[in-house]
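J.: Let me give you the structure first, and then I'll get to my questions.
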Amino acid sequence: MLQPDPTLLRCDGALEARLRTLGYASVAGVDEAGRGCLFGPVFAAAVILPPEHGISGLADSKTLSPERRQQLAQLIRRRATAWAVGQASAQEIDRLNILQASRLAMRRAVEKLQPQPDFLIVDAVRLDTEVQQLALVRADAGVECVAAASILAKVSRDACLAAWDAVYPGYGLRRHKGYGTKEHLEALARLGPTPEHRLTFGPVARWAEGSLMPMAREGSGV
């Protein structure tokens, strides 16, 4: 099995090209966003890029400005052979744990791809699927299709948090995107957690018992 050294990867399409020479025609990159947040779903994306996609500047989404992520996300959606986004809810995270929920969101994204991939490059973890796959640490920084997936997952999750910000004002969700910032922790102490907070996460659990806000309105679209 191909097992490249992740420190030698340069996000230049070389790994995907190597896999194509081995007979894999539809190589998908898979990554998640939001594992370390205190609020909301964990998102994942899967992306199949054509050999000559012409998208320059693909990189780990965490290293890009919000404006650059948006620009690249538009190009990825337009030029990818296939792309899809999946998620696992805060309730699923609390029931399964964050690792298993992240893997579930990734699998959901992969299952939505059309055409289906014949090989997966996944950032750091393996998925429960019969598709051939390579779990590669820091793949989002060294493999183009995984970097593309990291960007779509991050942009999709940020949009979701902006929508939740309107449902639950006072927490600053649009600004901190659900991470455990000082502003967020102070809001939790003041308002208590919402039903979309991850109640098994330590900083939330401290305030959770008997203090849940009412559920989001039906039809809120979030």
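The values are calculated or read from the model by the stated rules, or taken from the named source; none is laboratory data. As the structure is a prediction and not an experimental result, all values here were calculated from the model. Counting neighbours? That spans all protein chains shown, and the Cβs are built from the backbone with ideal geometry, glycine included.
J.: Among what's in region 1-56 and is in contact (Cβ under 8 Å) with a residue 60 or more places away in the chain and in contact with a Ser or Thr (Cβ under 6 Å, 6 or more places away or on another chain), pick the residue that is surrounded by the most Cβ atoms within 10 Å (Cβ to Cβ).
T.: Applying the filter and picking the extreme gives ASP31.
J.: Looking only at region 157-170, decide whether some residue is in contact with an Asp or Glu (Cβ under 8 Å, 6 or more places away or on another chain) and under 16 Å from ALA33 (Cα atoms).
T.: no
J.: Going by the structure shown, is ALA148 in the same structural domain as GLN70 (by TED's automatic domain parsing), modelled with pLDDT of 95 or more, under 24 Å from ASP94 (Cα atoms) and in contact with a strand residue (DSSP E or B) (Cβ under 8 Å, 6 or more places away or on another chain)?
T.: Answer is no for this residue.
This table checks each residue for (1) modelled with pLDDT under 95; (2) exposed (fewer than 15 other Cβ atoms within 10 Å of the Cβ); (3) touching a helix residue (DSSP H, G or I) at 6+ places or on another chain (Cβ under 8 Å).
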{"residue": "LEU75", "(1), (2), (3)": "no, no, no"}
{"residue": "ARG79", "(1), (2), (3)": "no, no, no"}
{"residue": "GLY86", "(1), (2), (3)": "no, no, yes"}
{"residue": "GLN91", "(1), (2), (3)": "no, yes, no"}
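J.: Still on this structure, I have one more. Suppose we filter region 153-168 for residues that are free of Cβ contacts under 8 Å to residues at least 24 places away in the same chain and under 16 Å from LEU64 (Cβ atoms); how many remain?
T.: 1
J.: Moving on to the next point. Only one of (1) of a type in the set (Lys, Arg); (2) farther than 23 Å from ASP140 by Cβ; (3) assigned by TED's automatic domain parsing to the domain that holds GLN71 fails for ARG175. Which number is that?
T.: (3)
J.: State the number of residues belonging to region 169-179 that are in contact (Cβ under 8 Å) with a residue 24 or more places away in the chain and either under 22 Å from LEU64 (Cβ atoms) or of a type in the set (A, V, I, L, M) (or both).
T.: 4
J.: Next question. Name the residues in region 187-205 that are outside any loop (DSSP other than H, G, I, E, B) and either at pLDDT 95 or above or touching a helix residue (DSSP H, G or I) at 6+ places or on another chain (Cβ under 8 Å) (or both), would you?
T.: ALA187, LEU188, ALA189, HIS197, PRO203, VAL204 - these are the residues of region 187-205 that are outside any loop (DSSP other than H, G, I, E, B) and either at pLDDT 95 or above or touching a helix residue (DSSP H, G or I) at 6+ places or on another chain (Cβ under 8 Å) (or both).
J.: Sticking with this structure for a sec: Could you pull out the residue among SER61, SER26 that is under 18 Å from ASP123 (Cα atoms) and more than 20 Å from the chain's Cα centre (by Cα)?
T.: None of the other options fit; the residue is SER26.
J.: Which residues, counting only those in region 57-67, are assigned to a loop (DSSP other than H, G, I, E, B) and either at pLDDT below 95 or crowded, with 24+ Cβ neighbours inside 10 Å (or both)?
T.: LEU58
J.: Within region 112-146, which residues are under 11 Å from the mean Cα position of the chain (by Cα) and among the aliphatic types (A, V, I, L, M)?
T.: Residue satisfying the conditions is VAL146 alone.
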